[in-house]
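Report on the following structure.
Each value in this text was obtained by applying a stated rule to the coordinates, not by laboratory testing. Worth saying up front: this structure is predicted, and the values here are computed from it rather than measured. Here the Cβ is made from the backbone with ideal geometry for all residues, glycine too, and neighbour counts use every protein chain on show.
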C-alpha cells in the first residue's frame, strides 16, 4: 500500500511539474488551462489509485490492527 502511494506521489509530482513548466513556456499564459491540466492529473491519480487497489487487492497485505 505504501509503495503504491509512493509511486503515485512521485509520478503525480512529475506530471504536475511538467504541466506547470509547459504552462509557463507557452507564450500567452493561461491560468485556466493550467488549472484544468492540474485537475485532470489529480483525477487521474485518484483513478489510478482506485484501479491499483482493485487489481492488486490480493497481493497487497492487509493492515494489521
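Distance between the 7 Å Cα→Cβ label points at residue 33 and residue 16: 2.1 nm. Across region 2-55 the C-alpha pair distances fall into 10 Å bins from zero in the proportions 24, 46, 22, 8, 0 percent.
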